[in-house]
1. What ranking, highest mean first, results for peptides 138-148, 47-57 when packing means the other Cβ atoms within 10 Å averaged over each residue?
2. Order 150-156, 120-126 from most to least packed using the mean count of other Cβ atoms within 10 Å.
3. Name the residue farthest towards the positive end of the dipole of the chain from the options A11, Q167, G59, assuming +1 on Cβ of Lys and Arg, -1 on Cβ of Asp and Glu, about the Cα centre.
4. Would you mind telling me the antiparallel percentage of the DSSP bridges in the stretch 1-77, rounded to 5?
5. Using only the Cα atoms of the chain, build the gyration tensor, take square roots of its eigenvalues as a ≥ b ≥ c, and label the shape rounded, prolate or oblate: rounded if a/c is under 1.5, else prolate if a/b is larger than b/c, else oblate.
6. Near the amide H of A176, under 5 Å away, which other amide H atoms are found, from residues 5 or more places off or on another chain, if H is placed in the peptide plane?
7. Return the sequence-ordered ³J(HN,Hα) values of the stretch 84-94 in whole Hz as given by the Karplus equation 6.51 cos²θ - 1.76 cosθ + 1.60 applied to θ = phi - 60°, using x for Gly and Pro.
8. Quick check on the chain: helices-only [θ] at 222 nm, where DSSP H runs of length 4 and up contribute -39,500 (n - 2.57) each and the sum goes over total residues. Nearest 500, please.
Amino acid sequence: MLLAFLGTGSAFSLERYNGAVVVDGRLLLDGGAPLLPHMHRLGLDPGAIEGIFLTHFHGDHVLGLPPFLLYRAFMAAGRPLLLVGPPGVEARLEQLFGLAWGDEWPAFRESAALTYHEAQQAGTAAGVRYEAVKLDHGRMDCRGYRVRLDGRVLAYAGDTTVSPPLQDLVRDADVAITEATAPVSSAAHTSWDEAHELAARHPATRFIFNHLHGDSTSGSAADFDVIDV
């Protein structure tokens with residue numbers, strides 16, 4: 001399983017880009033800005049992405065998508081692309097893409113072969129089986145995903161506090177990407193100490209931390225890291 005971290009920062013990090021992870025060159029986990037130049041830098045083909053799994057609709061997780069979709073419309077037209085997200089994903093993203101590209105967006109959407117899929121408790125998307133878990137992230141409806149690839153489970157949390165749903169998400173996963181935002185506790189995020197305590201409770205799982213506001217903690221990924229797990 002090859003994980004390419006296009007960005008590992010929080011919403012207003014000064015040192016890191018917004019979060020997005022490419023899995024095996026064909027799945028995109030969240031879509032923080034910018035996507036396209038970072039994919040190019042890592043030798044990833046934006047046209048090869050088959051599915052996007054969005055955890056929630058905060059700007060640092062979606063604002064890389066409008067240019068990415070325009071690239072798909074012009075440079076990879078007709079390649080099917082499925083966008084998975086929490087309830088209301090189609091309405092929320094159509095509003096964003098319409099604001100970005102105006103009256104031309106419906107034609108761009110058709111050329112990009114984009115379809116939407118509301119995350120189910122369990123389902124199949126872009127040829128992979130997944131489970132979705134509702135996580136606690138302030139007032140935002142957030143989903144974490146357990147994606148099954150080649151007999152292994154990748155858990156991806158996006159933004160959340162440490163809570164029973166997060167424990168369920170990472171339990172028995174082979175790899176877990178979870179946040180470790182800052183040294184201090186927060187009502188909507190996971191702190192460094194909380195992230196390490198979570199990992200200690202699941203010793204058989206390989207944890208990689210992201211969504212850091214500044215500085216770093218052990219086990220965290222950096223922008224442009226490509227990790228073979």
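The values are calculated or read from the model by the stated rules, or taken from the named source; none is laboratory data. Because the structure is a prediction, the values reported are computed rather than measured. Note that each Cβ is placed from the backbone with ideal geometry, even for glycine, and that neighbours are counted across all protein chains shown. Each accessible area value is taken on the protein alone, full model and side chains, heavy atoms only, with ligands, DNA and RNA left out. Shrake-Rupley method; radii C 1.70, N 1.55, O 1.52, S 1.80 Å.
1. Values: 138-148: 19.7, 47-57: 21.8.
Going by the mean number of other Cβ atoms within 10 Å, highest first, we get 47-57, 138-148.
2. Details: 150-156: 17.3, 120-126: 14.0.
Descending packing order for the listed peptides: 150-156, 120-126.
3. Q167
4. Just about 65 percent of them are antiparallel.
5. Prolate shape, in that a/c is at least 1.5 and a/b is the bigger ratio.
6. Excluding prolines and chain starts, which carry no amide H, the hits are A155, R206, F207, I208.
7. For the stretch 84-94, the Karplus-derived couplings read 9, x, x, x, x, 4, 5, 5, 5, 6, 4 Hz, x marking Gly and Pro.
8. Helix contribution divided over all residues of the chain: -7000 deg cm²/dmol.
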